[in-house]
1. Can you find a residue in region 74-93 that is in the same structural domain as residue 189 (by TED's automatic domain parsing) and closer than 22 Å to residue 185 by Cβ?
2. So residue 242 ticks every box in (1) over 30 Å from residue 145 (Cα atoms); (2) part of a strand (DSSP E or B); (3) in contact with a helix residue (DSSP H, G or I) (Cβ under 9 Å, 6 or more places away or on another chain) but one. Which box is left unticked?
3. Of everything in region 2-37, what is at positive phi and at pLDDT below 95? Give them in sequence order.
4. Here is a check on your reading of the model: is residue 239 more than 16 Å from the chain's Cα centre (by Cα), in the same structural domain as residue 34 (by TED's automatic domain parsing) and under 30 Å from residue 77 (Cα atoms)?
5. Checking the condition touching a helix residue (DSSP H, G or I) at 6+ places or on another chain (Cβ under 6 Å) and over 28 Å from residue 47 (Cα atoms), which residue from 159, 173, 227 passes?
6. Name the residues in region 204-218 that are in a helix (DSSP H, G or I) and over 15 Å from residue 168 (Cβ atoms), would you?
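The values are calculated or read from the model by the stated rules, or taken from the named source; none is laboratory data. Just so we're clear, the structure is a prediction, and the values are computed from it rather than from any experiment. Cβ sites come from the backbone with ideal geometry, for glycine too, and all protein chains shown count toward neighbours.
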């Protein structure tokens, strides 16, 4: 299920020479990365390699020690790249209205399904309930959840893990984002539910945005099954830099002494048992 052909080459995100240390611990040591509009990209790498630190810089939550992050400003004609470090808090918040974030543990608020979808629409866009309910029905249906009044009044604590994950995606979609970020979206899910989330990620990636273009998707993951199903462009961080950047098939087939041990360890990092295929060299499957 390859989902990564893109219609043109406009940039959505550009990371240049990004460096970040916490005390004496250097996490990022010069990351360079370009993400094209409409592209699906997965960032992988061992624990502590800097995946989340990179994501937080892209989201504007951290300031780099050196280098810079530029992102597309969809409020401007042609969505040119703007330097995050040059923006004030209000300008950064405005950029965030074009992004959606799905957290590893969903980060659902206490209250009902509708409360979770409504909060950002109310606070950021100033919509009232009459305007919010149709949006809620649309995004719930888009993620294969019931769009009934009864379900919208369900307490989020009553949802299964898979339903909570789908609600987290629906909440992100309610803002009609141009970019969707996922932080380990299938960690802790059983294989069947995880496969459903894989399909959901692909479907929401391919759906047209407000500008009529395909959405840009960036995923932080250790989920090898997700990579195999979606075949995104794969970027591996190692020792604070981009070590690999290319198609997942090339990543999977690599005999690199850096990539191979990580690839074999991915199911453990993801919290599941080894896939027997991972012990068979590429091209020698029985």
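1. Taking every residue of region 74-93 in turn, none turns out to be in the same structural domain as residue 189 (by TED's automatic domain parsing) and closer than 22 Å to residue 185 by Cβ.
2. So residue 242 meets the others, but not (3).
3. At the first step, the residues of region 2-37 found to be at positive phi are 17, 23, 30.
23, the sole residue that qualifies.
4. Against the criterion (more than 16 Å from the chain's Cα centre (by Cα), in the same structural domain as residue 34 (by TED's automatic domain parsing) and under 30 Å from residue 77 (Cα atoms)), residue 239 does not qualify.
5. 173
6. 205, 206, listed by residue number.
For every residue, the table says whether it meets (1) within 26 Å of residue 227 (Cα to Cα); (2) over 21 Å from the mean Cα position of the chain (by Cα); (3) not assigned by TED's automatic domain parsing to the domain that holds residue 199.
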position	(1), (2), (3)
22	no, yes, no
54	yes, no, no
59	yes, no, no
68	no, no, no
121	no, no, yes
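Conditions tested, residue by residue: (1) surrounded by fewer than 18 Cβ atoms within 10 Å (Cβ to Cβ); (2) touching a strand residue (DSSP E or B) at 6+ places or on another chain (Cβ under 7 Å); (3) at pLDDT below 90; (4) within 24 Å of residue 47 (Cβ to Cβ).
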| residue | (1), (2), (3), (4) |
| --- | --- |
| 211 | yes, no, yes, no |
| 218 | no, yes, no, yes |
| 221 | no, yes, no, yes |
| 237 | no, yes, no, yes |
| 258 | yes, yes, no, yes |
| 274 | yes, no, yes, yes |
| 284 | yes, no, yes, no |
